Amino acid sequence: MYALELKQLRKTYPSGVEALRGIDLSVRQGDFFALLGPNGAGKTTAIGIVTSLVNKSAGDVSVFGYDLDRQREAAKACIGVVPQEVNINMFEKCWNILINQAGYYGVPRAEAKRRAEKYLKALHLWDRRDKLSRTLSGGMKRRLMIARALIHEPRLLILDEPTAGVDIEIRRSMWDLMTRINEDGMTIILTTHYLHEAESFCRNIAIIDEGRIIENDTMVNVVRKLKREVFVLTLEESLHRAPDLPGYQVQLRNEHEIEVEVEQEQGLNALFQVISDRSLHVASMRTKSNRLEELFMRLVDDKAESVN
Amino acid sequence: MATAPPLSSPATAAGISLWRINLVGLVTIVRKEVHRIARIWVQTIVPPAITMTLYFIIFGSLIGQRIGEMGGVPYTTFIAPGLIMMSVITNSFGNVVSSFFSGKLQLHLEEMLVSPLSFTTIITGYVIGGVVRGLAVAALVTVVASFFTDLSVARPLVTLSVIVLTAMVFSLAGLMNAIFAKNFDDISIIPTFFLTPLTYLGGVFFSISLLSPFWQNVSLANPILYMVNAFRYGMLGSSDIPIGTAYAIILTALVALYVAVLVLLRRGTGIRS
């Protein structure tokens, strides 16, 4: 059984905009799944349909086997969602927001209080529990929304840009939490513009663009499709021009750093051999951009070119 | 920084009975609404009490003394049930329209819409909230009225049933207004241009027997007339219209509004794109 299945899902807004043009998507139970795409690609519309905030034009949605049209309540009981836009009651205390949300899912009050404490502590908001939500910072509001989505301990958690505005330290602890709850069995679907986060945590990925799925595979297979990578090498030597490395395109970034383009079949051992032959010493090395980001840009650009 | 406690495995939420989800959900919505009324009591409870006190001073004590009796009772006593009913109507309506619309505007209504709660539960929760505020204000206005006139309740069951049913009707009307509303102007149009005029012309301050036959017949098209008169019948034992007709009109309005609101929410009108 799949945690989420979309079949030929279509959405045309009254303005005539076709946000989704018949997408098929299956997310396995227990998966950590990335749904990526540029702005306006249709990600949020797809999530809106799954969470019943947007009416679909055609197609089928099932959540853990529950059909969203015929078994709407049972399907919705399985889902927790962190939307892109902040949608918390600004005049309510953090504690009450969580307790109320638990109540909407039938969680008894005593249990709701226990869980509210658990998730407020896990998301570093315990000392803010009695504050009005409007007094929280942007990052805190987003964490409160995550706690709210977890309060009924859903089987499927949908995170739409969960880390926007969250500082690095808290972001790291948030991902620790997400990893743990995923290991405990919760299926997670993530949309994010921080592609390194998607690459680090997600096992499977779909890329959506202009309402169509243009890539859907495991993360490993998708990243493998990247034929060429650019590495930034910091050298111990001081250089005034780019060194000549036969078989590689090299650019000088500054007197200690060079950029080297490496084709997938060339491998890194050969690169280091050539560098050693030039009596250069590498102090450190990093990829110029995230691999998934590179591939994402290429896929979206290729599609734009083919349309033009 | 607090240490994160261990996390249990996720509960199978769909395994919980939908009946229990809706029961707990209903209690939660009612609790939230009552909490909201209490939190902003300066906006929800105090203004109607002040307004009604002014009505009693001006229309009851000052003008009423010159009018003498109406419907066989002192004028202040005559207008008391109407003023109580007027506060119930405006406050039940206002509570639901502002609560639901602010949820739409701030998007936090989505908390409920993504949950497995049925629309029947959501409607019932908001209606109970509206009834609670309507009755709370009614109680306060009754206390105010008792300073100006001797109040008694001739038929308690009629009095209670009419006030609760009327509060339900206008809570549903407020919900319908909030569903269609797109901005703050939209939630003030109905109270300003429809509710207030119909209430003033609904026999709060006068008996329709004072009107010419033509205007009497026109007044009979105003549903608020039936509610005010039925409530007056409960309190004073006299009414301009038959009590059975009043119940029929109130119950018809209740059912029609409930069905309309349910259909609108199921279609996603005003709440889904």
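At-a-glance table
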{"quantity": "Scan of region A:178-198 for residues that are touching a Leu at 6+ places or on another chain (Cβ under 7 Å) and surrounded by 19 or more Cβ atoms within 10 Å (Cβ to Cβ), ordered by number", "calculated": "A:I181, A:M186, A:T187, A:I188, A:I189, A:L190, A:T191, A:L195, A:A198"}
{"quantity": "Count - residues of region A:181-217 that are within 14 Å of chain B (Cβ to nearest Cβ) and on the phi > 0 side of the Ramachandran plot", "calculated": "1"}
{"quantity": "Some residue of region B:213-224 being more than 23 Å from B:L172 (Cα to Cα) and not in a helix (DSSP H, G or I)", "calculated": "no"}
{"quantity": "Residues of region B:57-78 classified as outside any strand (DSSP E or B), surrounded by 13 or more Cβ atoms within 10 Å (Cβ to Cβ) and at pLDDT 85 or above, total", "calculated": "5"}
{"quantity": "Of residues in region A:1-23 being exposed (fewer than 15 other Cβ atoms within 10 Å of the Cβ) and in contact (Cβ under 8 Å) with a residue 40 or more places away in the chain, the one farthest from A:I189 (Cα to Cα)", "calculated": "A:Q8"}
{"quantity": "Subset of region A:67-105 (residues that are within 25 Å of B:S17 (Cβ to Cβ), surrounded by fewer than 19 Cβ atoms within 10 Å (Cβ to Cβ) and within 7 Å of another protein chain (Cβ to nearest Cβ))", "calculated": "A:E73"}
{"quantity": "Residue match in region A:160-180 (condition: more than 27 Å from A:V50 (Cα to Cα), assigned to a loop (DSSP other than H, G, I, E, B) and either touching a Pro at 6+ places or on another chain (Cβ under 8 Å) or in the same structural domain as A:V81 (by TED's automatic domain parsing) (or both))", "calculated": "yes"}
{"quantity": "Qualifying positions in region B:192-208 - in contact (Cβ under 8 Å) with a residue 60 or more places away in the chain and surrounded by fewer than 18 Cβ atoms within 10 Å (Cβ to Cβ)", "calculated": "B:T196, B:S207"}
{"quantity": "Meets criteria (among the acidic types (D, E) and in contact with a Gly (Cβ under 9 Å, 6 or more places away or on another chain)) for A:E18", "calculated": "yes"}
{"quantity": "Test: A:H124 is crowded, with 24+ Cβ neighbours inside 10 Å, under 23 Å from the mean Cα position of the chain (by Cα) and either at the interface with another protein chain (Cβ under 8 Å from one of its Cβ atoms) or part of a helix (DSSP H, G or I) (or both)", "calculated": "no"}
{"quantity": "Filter result (within 14 Å of chain B (Cβ to nearest Cβ) and within 16 Å of the chain's Cα centre (by Cα)) within region A:3-30", "calculated": "A:G30"}
{"quantity": "Index of the failed condition, A:K43 passing every other in (1) closer than 26 Å to A:I181 by Cβ; (2) surrounded by fewer than 20 Cβ atoms within 10 Å (Cβ to Cβ)", "calculated": "(2)"}
{"quantity": "Search result, residues across region B:101-123 that are more than 10 Å from chain A (Cβ to nearest Cβ), buried (at least 19 other Cβ atoms within 10 Å of the Cβ) and among the β-branched types (V, I, T)", "calculated": "B:I123"}
{"quantity": "Identity of the residue in region A:57-66, within 10 Å of chain B (Cβ to nearest Cβ) and over 15 Å from A:I188 (Cα atoms), that ends up surrounded by the most Cβ atoms within 10 Å (Cβ to Cβ)", "calculated": "A:Y66"}
{"quantity": "Inter-residue pairs, beta-carbon under 8 Å, first within 11 Å of chain A (Cβ to nearest Cβ) and in region B:260-273, second among the β-branched types (V, I, T), 6+ apart", "calculated": "B:T269/B:I179; B:I271/B:I179; B:R272/A:V54; B:S273/A:V54"}
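The values are calculated or read from the model by the stated rules, or taken from the named source; none is laboratory data. Just so we're clear, the structure is a prediction, and the values are computed from it rather than from any experiment. Using ideal geometry, Cβ is built from the backbone for each residue, glycine included, and neighbour counts are taken over all protein chains shown.
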